[in-house]
Amino acid sequence: MHEPDEALLGRLRAGDASAFEAVIAAYQRDLYRLAYRFTRNMEDAKDLAQEAFLRAYRALPRFDGRSSLYTWLYRITLNLCLNHRRGKMPEATKETTALADPAPGALEALAESERQAAVAAAIASLPPQQRATVILRVQQGLSHKAIAEILDCSEGTAKANFFHAVRNLRARLQGYGAQEGSDAVR
Amino acid sequence: MRCDEIQALLIEVADGALAGALPPEVERHLADCGACRAEAAALRELLRTVAQDPVPEPPAPYWAASRQEMARRLGLRQRAAGPARPLPVRAWAWAGVAAALLLVVGVTLLAGRGLFPFAPSGPTPEETALLRNLEVVRDLELLEDVDILQDYELLRTLASQGRAT
Ligand SMILES: [Zn+2]
């Protein structure tokens, strides 16, 4: 586990230059993954995560501490991701297929990778706020409260966004995931 | 409860916001309604697939290299005194270079004296050049350039990965 945000902030405020490197070490994987979720491209995700840290460092004197350090970093990254424009569609199919474990049970692996490609494309087609909410909630595992902080909205709005996002995904992915009607209830 | 009310709750259920047992009225509805039961399963499966969408990771040495690049771009390394490092590999490396140069200087000096015992005192141009090189090494040794160490570690990691594959 990495150093708590409060301790890092204390060191940053005290002018400890090594503290920002500790911040980077603590969050560089998270920010990379977040950026990858948006770009579906490793190089773009690396660049965006780095850019987020560079901007965060320059904006540090203006960080008021009202939000937590990590939600602030997420927010900077998210803004960069939402403003990031690439000339092509997400490379979901190519990359998820390449990642699928070929053995054992190649057929299941293929079905799973196809499903993941379809899900990635469906997420990419959501309106930005919904897309961000799904990524932050389901893929990055953040609480609705943290998501509200990142998106600068109320927790109720964050939950509503999530609700609409899941509904939209469900509508766009009819035929995926509905195969097993058997274990419907716990 | 109506199906749309149930299904609104099912998203929360699938999200894990309602941990543990379902509200009794939801349980009752699901027991009687195959459509909502199928929907509950589909939502769980959907969120599972979304959660498990893989992210390809850069090779392990990338993270340290990236931190190093950012620190350099932000000018953190010049200002940072840096915490005590466990084993200054770089210092050892330079010590090796210095030792080698010392040896060369020493041998040259001895050879010079041996071959030309009556040569005028003071270093020859070759000796001067070697001593200057040694001074450069010594000065480098004093520089707190941790990047060299990290480059070395990165190369070592890459090399060991290369051997492993
Ligand atoms: Zn129903």
message: Can you give the FRET efficiency to the nearest 0.05 for A:Cys153 and A:Arg58, using r as the Cβ-Cβ distance and R₀ = 35 Å?
response: 0.85
Using distinct alpha-carbon pairs, which all enter the 1/r mean, Kirkwood radius of segment A:5-87 in Å: 12.9
statement: Reported to the nearest 10 Å², A:Cys153 has, with a 1.4 Å probe, an accessible area equal to 40
field: Highest-first arrangement of B:39-45, B:59-65, where packing means the average Cβ count within 10 Å
entry: B:39-45, B:59-65
field: Exercise: per-residue mean of other protein chain Cβ atoms within 10 Å, A:55-61
entry: 1
- prompt: Given 0.36 nm per residue, what is the gain on full extension from B:Ala8 to B:Glu69 after removing their alpha carbon distance, in nm?
  reply: 17.2 nm
field: Geometric extent, Cα atoms of segment B:3-51 - Rg, Dmax (angstrom)
entry: 10.2, 30
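The values are calculated or read from the model by the stated rules, or taken from the named source; none is laboratory data. All values derive from a computational prediction rather than experimental measurement. Every residue, glycine among them, receives a Cβ derived from its backbone with ideal geometry; neighbour counts consider all protein chains shown. Remember, those area values only see protein heavy atoms, side chains included, never the ligands or the DNA or RNA. Shrake-Rupley method; radii C 1.70, N 1.55, O 1.52, S 1.80 Å.
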